[in-house]
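Data block below; observations after.
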Amino acid sequence: MSTESTSVLVDIRKYDGSLSAQWTATRLGEDEHGVWLGTAQGVHVSSETGGWTSRFAYVMLVPRGEWWTATFCVDPGPEMYCDVCTVPEWNADGTVLHTVDLDLDVVRPRGGEVHIEDEDEFAEHQVRYGYPDSVTDKARRTCEWLMEAGRRDGDGVEPFASAYRHWLGLIG
(Lines give C-alpha, C1' and ligand atoms only; values in the text may rest on other atoms or scores of the structure.)
Protein backbone atom coordinates (compact mmCIF):
# COMPACT_ATOMS: atom_id res chain seq x y z
CA MET A 1 0.00 0.00 0.00
CA SER A 2 1.64 3.20 -1.13
CA THR A 3 0.76 6.63 0.15
CA GLU A 4 1.59 9.94 -1.44
CA SER A 5 -0.16 13.27 -1.38
CA THR A 6 -0.61 15.01 -4.75
CA SER A 7 -3.38 17.17 -6.18
CA VAL A 8 -5.45 15.50 -8.89
CA LEU A 9 -7.89 17.21 -11.24
CA VAL A 10 -10.91 14.92 -11.54
CA ASP A 11 -12.53 15.55 -14.94
CA ILE A 12 -15.79 13.70 -15.56
CA ARG A 13 -17.55 14.18 -18.87
CA LYS A 14 -20.83 13.12 -20.43
CA TYR A 15 -20.69 10.90 -23.50
CA ASP A 16 -20.88 13.94 -25.84
CA GLY A 17 -17.84 15.51 -24.14
CA SER A 18 -19.76 18.10 -22.10
CA LEU A 19 -18.68 18.64 -18.50
CA SER A 20 -20.42 16.49 -15.91
CA ALA A 21 -18.24 17.38 -12.91
CA GLN A 22 -14.73 18.66 -12.23
CA TRP A 23 -12.89 19.24 -8.96
CA THR A 24 -9.50 18.94 -7.35
CA ALA A 25 -8.92 15.98 -5.04
CA THR A 26 -5.88 14.76 -3.13
CA ARG A 27 -4.20 11.52 -4.15
CA LEU A 28 -4.03 9.59 -0.86
CA GLY A 29 -2.33 6.47 -2.15
CA GLU A 30 -2.77 3.17 -3.89
CA ASP A 31 -3.48 -0.43 -2.92
CA GLU A 32 -4.60 -3.66 -4.57
CA HIS A 33 -8.01 -2.09 -5.32
CA GLY A 34 -6.68 0.97 -7.17
CA VAL A 35 -5.90 4.63 -6.52
CA TRP A 36 -7.59 6.41 -3.63
CA LEU A 37 -8.44 10.11 -3.82
CA GLY A 38 -9.67 12.28 -0.96
CA THR A 39 -11.98 15.29 -1.15
CA ALA A 40 -12.69 17.54 1.82
CA GLN A 41 -16.11 18.88 2.69
CA GLY A 42 -16.67 22.28 1.07
CA VAL A 43 -14.66 21.68 -2.13
CA HIS A 44 -16.13 23.44 -5.18
CA VAL A 45 -17.28 21.10 -7.95
CA SER A 46 -17.76 22.67 -11.39
CA SER A 47 -20.35 21.39 -13.84
CA GLU A 48 -22.06 22.47 -17.02
CA THR A 49 -25.03 23.53 -14.89
CA GLY A 50 -22.90 25.75 -12.65
CA GLY A 51 -21.60 23.54 -9.88
CA TRP A 52 -21.96 22.89 -6.18
CA THR A 53 -19.93 22.46 -3.01
CA SER A 54 -19.17 18.98 -1.66
CA ARG A 55 -21.51 18.37 1.28
CA PHE A 56 -19.38 15.65 2.87
CA ALA A 57 -15.74 14.64 2.98
CA TYR A 58 -15.20 11.47 0.96
CA VAL A 59 -12.71 9.14 -0.64
CA MET A 60 -12.98 7.96 -4.22
CA LEU A 61 -11.57 4.67 -5.42
CA VAL A 62 -10.37 4.60 -9.02
CA PRO A 63 -9.93 0.90 -9.87
CA ARG A 64 -7.63 -0.30 -12.64
CA GLY A 65 -9.34 -1.26 -15.89
CA GLU A 66 -12.92 -1.25 -14.55
CA TRP A 67 -16.07 0.55 -15.73
CA TRP A 68 -16.79 2.22 -12.36
CA THR A 69 -15.51 4.44 -9.59
CA ALA A 70 -16.62 4.20 -5.96
CA THR A 71 -17.09 7.01 -3.47
CA PHE A 72 -17.28 6.41 0.28
CA CYS A 73 -18.48 9.35 2.41
CA VAL A 74 -18.09 10.31 6.05
CA ASP A 75 -21.28 10.22 8.11
CA PRO A 76 -23.97 11.45 7.35
CA GLY A 77 -23.24 11.01 3.60
CA PRO A 78 -24.05 7.82 1.73
CA GLU A 79 -21.81 4.96 2.79
CA MET A 80 -21.14 3.93 -0.83
CA TYR A 81 -21.86 5.71 -4.11
CA CYS A 82 -20.60 4.00 -7.27
CA ASP A 83 -20.63 5.68 -10.65
CA VAL A 84 -20.84 3.48 -13.73
CA CYS A 85 -18.45 5.09 -16.22
CA THR A 86 -15.95 4.32 -18.95
CA VAL A 87 -12.60 2.97 -17.76
CA PRO A 88 -10.87 5.86 -15.96
CA GLU A 89 -7.76 7.19 -17.69
CA TRP A 90 -4.85 9.08 -16.14
CA ASN A 91 -2.56 11.61 -17.80
CA ALA A 92 1.17 10.76 -17.93
CA ASP A 93 2.09 12.19 -14.52
CA GLY A 94 -1.06 11.03 -12.70
CA THR A 95 -2.35 14.53 -11.96
CA VAL A 96 -5.48 14.43 -14.17
CA LEU A 97 -8.15 11.74 -14.13
CA HIS A 98 -10.57 11.51 -17.07
CA THR A 99 -13.70 9.38 -17.31
CA VAL A 100 -17.10 9.46 -18.98
CA ASP A 101 -20.17 9.25 -16.73
CA LEU A 102 -22.68 6.68 -18.01
CA ASP A 103 -25.39 7.89 -15.63
CA LEU A 104 -26.12 4.68 -13.70
CA ASP A 105 -25.26 4.90 -10.00
CA VAL A 106 -25.27 2.16 -7.39
CA VAL A 107 -25.83 3.62 -3.93
CA ARG A 108 -25.76 2.15 -0.42
CA PRO A 109 -27.12 4.68 2.08
CA ARG A 110 -25.68 4.50 5.58
CA GLY A 111 -27.59 1.67 7.27
CA GLY A 112 -29.67 1.04 4.12
CA GLU A 113 -29.79 -1.38 1.25
CA VAL A 114 -28.00 -1.01 -2.06
CA HIS A 115 -30.08 0.34 -4.98
CA ILE A 116 -29.71 1.78 -8.48
CA GLU A 117 -30.24 5.48 -9.22
CA ASP A 118 -30.65 7.41 -12.48
CA GLU A 119 -31.93 4.57 -14.68
CA ASP A 120 -34.21 7.13 -16.35
CA GLU A 121 -31.23 9.37 -17.16
CA PHE A 122 -29.35 6.36 -18.57
CA ALA A 123 -32.28 5.51 -20.86
CA GLU A 124 -32.62 9.14 -21.98
CA HIS A 125 -28.90 9.54 -22.67
CA GLN A 126 -28.72 6.24 -24.58
CA VAL A 127 -30.91 7.95 -27.17
CA ARG A 128 -29.58 11.52 -26.90
CA TYR A 129 -25.88 10.56 -27.05
CA GLY A 130 -26.26 7.41 -29.13
CA TYR A 131 -24.51 5.00 -26.77
CA PRO A 132 -23.27 2.03 -28.82
CA ASP A 133 -24.76 -1.34 -27.81
CA SER A 134 -21.35 -2.41 -26.47
CA VAL A 135 -21.30 0.57 -24.06
CA THR A 136 -24.92 0.02 -22.99
CA ASP A 137 -24.31 -3.69 -22.38
CA LYS A 138 -21.09 -3.10 -20.41
CA ALA A 139 -22.76 -0.36 -18.31
CA ARG A 140 -25.67 -2.68 -17.42
CA ARG A 141 -23.36 -5.61 -16.59
CA THR A 142 -21.20 -3.33 -14.43
CA CYS A 143 -24.29 -2.03 -12.64
CA GLU A 144 -25.48 -5.59 -11.92
CA TRP A 145 -22.03 -6.57 -10.60
CA LEU A 146 -21.89 -3.48 -8.34
CA MET A 147 -25.37 -4.30 -6.99
CA GLU A 148 -24.15 -7.74 -5.90
CA ALA A 149 -20.70 -6.63 -4.70
CA GLY A 150 -22.09 -3.69 -2.71
CA ARG A 151 -24.63 -5.66 -0.68
CA ARG A 152 -24.30 -5.82 3.11
CA ASP A 153 -25.11 -9.50 3.56
CA GLY A 154 -22.52 -12.22 4.00
CA ASP A 155 -18.85 -11.44 4.29
CA GLY A 156 -19.02 -8.59 1.81
CA VAL A 157 -16.85 -8.00 -1.22
CA GLU A 158 -13.84 -5.72 -0.97
CA PRO A 159 -13.35 -2.86 -1.36
CA PHE A 160 -17.04 -2.32 -0.54
CA ALA A 161 -17.06 -4.16 2.82
CA SER A 162 -14.36 -2.39 4.83
CA ALA A 163 -11.17 -1.63 2.85
CA TYR A 164 -12.32 1.95 2.27
CA ARG A 165 -12.38 2.70 6.02
CA HIS A 166 -8.59 3.03 6.20
CA TRP A 167 -8.59 5.67 3.45
CA LEU A 168 -11.61 7.46 4.86
CA GLY A 169 -9.78 7.67 8.19
CA LEU A 170 -7.03 9.68 6.50
CA ILE A 171 -9.42 12.53 5.66
CA GLY A 172 -12.23 12.31 8.22
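For the reader, a short list of remarks on this structure follows.
- Among the conditions (1) assigned to a loop (DSSP other than H, G, I, E, B); (2) open to solvent by less than 30 Å² (accessible area, probe 1.4 Å), the only one that VAL157 does not satisfy is (2).
- Within the option set THR142, THR136, being at pLDDT 95 or above, closer than 27 Å to LEU28 by Cβ, polar (S, T, N, Q) and assigned to a helix (DSSP H, G or I) holds for one residue only, THR142.
- Only one of the listed residues (GLY34, GLY17, GLY38) is at positive phi, in contact with a strand residue (DSSP E or B) (Cβ under 6 Å, 6 or more places away or on another chain) and open to solvent by less than 50 Å² (accessible area, probe 1.4 Å). That residue is GLY34.
- Evaluated against (1) within 11 Å of the chain's Cα centre (by Cα); (2) without any contact (Cβ under 8 Å) to a residue 12 or more places away in the chain, GLU89 falls short on exactly one condition, (1).
- Complete set of residues in the stretch 60-93 that are small (Gly, Ala, Ser) and either in a loop (DSSP other than H, G, I, E, B) or more than 20 Å from VAL114 (Cα to Cα) (or both): GLY65, GLY77, ALA92
- Among residues of the stretch 97-129 being in contact (Cβ under 8 Å) with a residue 60 or more places away in the chain and outside any helix (DSSP H, G or I), the one that is surrounded by the most Cβ atoms within 10 Å (Cβ to Cβ) is LEU102.
The values are calculated or read from the model by the stated rules, or taken from the named source; none is laboratory data. Note that the structure is predicted; figures quoted are calculated from it, not measured. Note: ideal-geometry Cβ built from the backbone for every residue, glycine included; neighbour counts use all protein chains shown. Accessible surface is based on the protein model in full, side chains and every heavy atom, while ligands, DNA and RNA are left aside. Shrake-Rupley method; radii C 1.70, N 1.55, O 1.52, S 1.80 Å.
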